[in-house]
Amino acid sequence: MKKILVIEDEPEMRRNLLTILKLENFTALGAENGRAGLELVARERPDLILCDVMMPELDGHGVLAALRASEATASIPFIFLTAKGEKTDLRSGMNLGADDYLTKPVAKADLLHAIAARLRRSEQQAPREFKPDFSSYEPLLKLGLTPRVAEALLWVAQGKTNSDVATILGISESTVKKHMLEVFEKLGVETRSAATLRALEVLSSRPN
């Protein structure tokens, strides 16, 4: 069974989420704050983490930063749970490397759909030795892209949707679509998957 960690300081919310997960045959673990959550991650190595943003001890942004800083935990799918819907909050979380975000209160169907999508994407990721560096879009400039288009492709290569990229970059979804059309034209490809593969090849190459 897949193991999911819920880091949430509100007891009732935490219990509800854990109950839903257990009923769906997940191994569900709960932590009341960020520090306790990181301790459980080290001990249990969950397959996915659901994490509140505003918490005592250590907030969700601190938890995510700690996870992404360690090679052992950097690839664990991470979904923010937030009661704050402002785009700036969502953008900051996505920039830290969150895979998704859900606004509380979370509908059961939305929760399970997000979990299934992120677990599926995690299973489909490239082999471990294939390690793209997502820290900068600059290597993508060699593909003939402008900085803004390269930045959009960087996020698309990480599995973000056009809506996600729009939120992260603070632009409209239609602008993201225009950027992707330019990517297709420059790279001579016709699909998002082909563009992503080309980007991953560039981002995985190491200077001699």
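Structure above, values below:
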| quantity | calculated |
| --- | --- |
| Cβ-defined net charge surrounding residue 67, 12 Å radius [Lys, Arg +1; Asp, Glu -1] | 0 |
| Pairs beyond 24 Å (Cα-Cα), from 142/178; 3/104; 22/104; 131/177; 22/108 | 131/177 |
| Within region 1-152: Cβ-based charge dipole about Cα centre, in debye rounded to nearest 20 (Lys, Arg +1; Asp, Glu -1) | 420 |
| The chain - mean residue ellipticity at 222 nm from DSSP helices (-39,500 (n - 2.57) per run, n ≥ 4, rounded to 500) | -15500 deg cm²/dmol |
| Rounded FRET efficiency, nearest 0.05, which uses the C-beta distance separating residue 184 from residue 24 and R0 of 41 Å | 0.60 |
| Chain lengthening between residue 146 and residue 161 when straightened (0.36 nm per residue, less Cα-Cα) | 3.4 nm |
| Fewest-first sequence of 20, 4 by Cβ atoms within 10 Å of each Cβ | 20, 4 |
| Proxy reagent accessibility, fewest Cβ within 10 Å first, across 75, 174 | 174, 75 |
| Pairs of alpha carbons in region 3-123 whose separation is greater than 20 Å (percent) | 33 |
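Throughout, read-outs are computed from the coordinates displayed, never taken from laboratory work. Predicted model, so just to flag it, every value in this text is computed and none were measured. Reconstructed Cβ throughout: ideal geometry from the backbone, glycine too, with neighbour counts over all protein chains shown.
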